[in-house]
Every structure is written in C-alpha cells, then in structure tokens.
C-alpha cells in the first residue's frame, strides 16, 4: 500500500489563495490523519498480535480507520463505546457502517451491563493480554509521531519548490497529536503550525499536548464563541457549503468549518502568509452529519442549490 506523497492542490476561498495537502486521497479506507497516526502499526511486524483494541464514539473517524487497519493486518478489532443507539444498529450509517462492513466488533459497555467508562472497562474487565494492542481514543499516542513526521517531511519537500511564499500549516485538532508532531518537525524549518480546539477548549488541548510529553506546542487560534463538539451550528454548515462551492472539495463537517472560521481573522491579520491546509479525511462521517444539518437548516441547503444552478452555464 502506498500511503504517502498525497497531492497538493491550489484553491481560492473568500478571496484568499491557499494550498491543500490532500491526505484524504491516500487510500479509500485508510486515509487522512488516522492513516498517518497508525502508519507505524501498518508498516511494522507484530507476529504475536491477534487483536486491536480501542474506544471512543460509534461515529469516530478512528473507528473506521482502525477497522481498515485490522482488516489489512488480519487482526480482530474490538472498539468499545459508552452506548450504541438502537436506530444505528438497525440502520448503520457513516463510520459505524464502514467499520461494521470491515468486520469490526463495536461493543457498548452499557449493553453488557457495565457503568464503567470504556477505557476503564478495557483496563479492569477486558484486561488485554500480550496478543492485544491497545490504542487510546483517537489514536492519541507517541506511536503517531512516526507517520506525522513523514507528513511533515512531504510538506517540507514541497515547499522547497515554492520559495516565493511564506507558508504556515493549518489543521483542526481533536486530540491534537497530528498538529503537535507537525509542529515539532516543521518548527526547525521555520514553518509555523496553526490549529484550533474542536473538542473541549484550548486548556484541554494543551493538556493533551502535555500528556504526550511535548512542552513546545503549535499555536492554538482562539474561538469567537464557545463551541460544543458534535452540536449543529448554522455557521458551521454555511462555512462547509461555502468551502464546497468555492473549492469543489468536500471537507469534514465536524472539524474543518470551525478551523476555517478561526482562520478568517488570522488571515486578515497576516496577509503576507500563505496557508497549507491539511485535509485530514473524515468524509465518511459526513454521511451521518449532513442529513442532520439538512433537516435543521433546509433553507441553507436550498439556497446553496439555487446558487449552484444560477452559476451553471448551459
């Protein structure tokens, strides 16, 4: 499998030129930041391993990528969640659907009668043995540095042929390990990394950075207002629609709109900088998020469709 050297494309968004590192195009099943985070697991040999274990949300991007990884390696994936809605089990969609189709075992701790958090359940009840590899939620581990460093080197190699621009790298953060390790390996080459806290706030994200043992962190852009992870915001949907209309690229609905909103003010304050934005995949998650947005804000969907029709040349 070739999981490197994704293309870089040039785009315009709100009258600003930016470049897009298309990590969403690495592989149909194993792409984006999760492919980078789990690359060491993919490339190394683990002859005694039979089971991969992790936890998180039933619609987590990591669930789908870990299911693909387990399939490739011939392992069983056990993915523990707090709860699994009945409707989702009856009508699988998004990352959950993709993972189930790849053979993942998604296990609700509540359905098996436990009140423990999935992480605690794995440690105290499941008690993995030497044949298991256990990964933290979202793949937040020092293991991810290997693949993210390779991404940094690809970016560095590309920028050397684009010496007219003063580049910064931008990407949203969940657990933040991709942004953290990009910063670590690009800072020495004077390429700053910008991110924003999509899960929790800046203090939470800083804590995540510290827990990985790194004291030098990427720059966290401030949010204009408190943002609850997974909640539907009209501005997020509008930003996502605008991005798609202006770039012809589908972005992730959960993380990317917030990052682009944070970048708006930053771009005004830094007109001489050129953004390299990392497309981290996550598109399969739109399968579950987009219908929710379309139901809540049908007027935005209709307006977007009308604008597209008006701009079409027949």
Handout entry: Candidate set: region 44-64, residues that are in contact (Cβ under 8 Å) with a residue 40 or more places away in the chain and out of contact with any strand residue (DSSP E or B) (no Cβ under 9 Å at 6 or more places or on another chain); chosen: the one surrounded by the fewest Cβ atoms within 10 Å (Cβ to Cβ)
Key = 48
Handout entry: Subset of region 156-176 [assigned to a strand (DSSP E or B) and touching a helix residue (DSSP H, G or I) at 6+ places or on another chain (Cβ under 8 Å)]
Key = 167, 169, 170, 173
Exercise for the section: Inspect region 218-227 for any residue being in contact (Cβ under 8 Å) with a residue 24 or more places away in the chain, under 21 Å from residue 291 (Cα atoms), in the same structural domain as residue 287 (by TED's automatic domain parsing) and within 18 Å of the chain's Cα centre (by Cα) and give the result as yes or no. Expected result: yes
Exercise for the section: Search region 97-120 for residues being assigned to a helix (DSSP H, G or I) and in contact (Cβ under 8 Å) with a residue 60 or more places away in the chain, and hand back the single one that is surrounded by the most Cβ atoms within 10 Å (Cβ to Cβ). Expected result: 118
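Return yes or no: is residue 190 touching a residue at least 60 places away in the same chain (Cβ under 8 Å) and under 23 Å from residue 272 (Cα atoms)? First the steps, then the outcome.
Details: touching a residue at least 60 places away in the same chain (Cβ under 8 Å): no; under 23 Å from residue 272 (Cα atoms): yes.
Judged against the criteria, residue 190 is not a match.
What residue, of 194, 243, is at pLDDT 95 or above, assigned to a helix (DSSP H, G or I) and in contact with a strand residue (DSSP E or B) (Cβ under 7 Å, 6 or more places away or on another chain)? Steps first, please.
Values: 194 fails: assigned to a helix (DSSP H, G or I).
Just a single option satisfies the conditions, and that option is 243.
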Practice task
Tell me, please, whether a residue that is in contact with a strand residue (DSSP E or B) (Cβ under 9 Å, 6 or more places away or on another chain), at negative phi, surrounded by 21 or more Cβ atoms within 10 Å (Cβ to Cβ) and not in a helix (DSSP H, G or I) can be found in region 198-207.
Solution key: yes
Exercise for the section: Quick one: count up the residues across region 121-131 that are part of a helix (DSSP H, G or I) and loosely packed, with under 14 Cβ neighbours inside 10 Å. Expected result: 3
Handout entry: Test: residue 145 is surrounded by 18 or more Cβ atoms within 10 Å (Cβ to Cβ) and free of Cβ contacts under 8 Å to residues at least 60 places away in the same chain
Key = yes
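Yes or no, residue by residue, for (1) within 23 Å of residue 109 (Cβ to Cβ); (2) out of contact with any helix residue (DSSP H, G or I) (no Cβ under 7 Å at 6 or more places or on another chain):
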site	(1), (2)
33	no, no
50	yes, yes
54	yes, no
64	yes, no
68	no, yes
72	no, no
75	yes, yes
79	yes, no
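The values are calculated or read from the model by the stated rules, or taken from the named source; none is laboratory data. Bear in mind the structure is a predicted one, so any value in this text is a computation, not a measurement. Cβ coordinates were reconstructed from backbone atoms using ideal geometry, including for glycine residues, and neighbour counts include every protein chain displayed.
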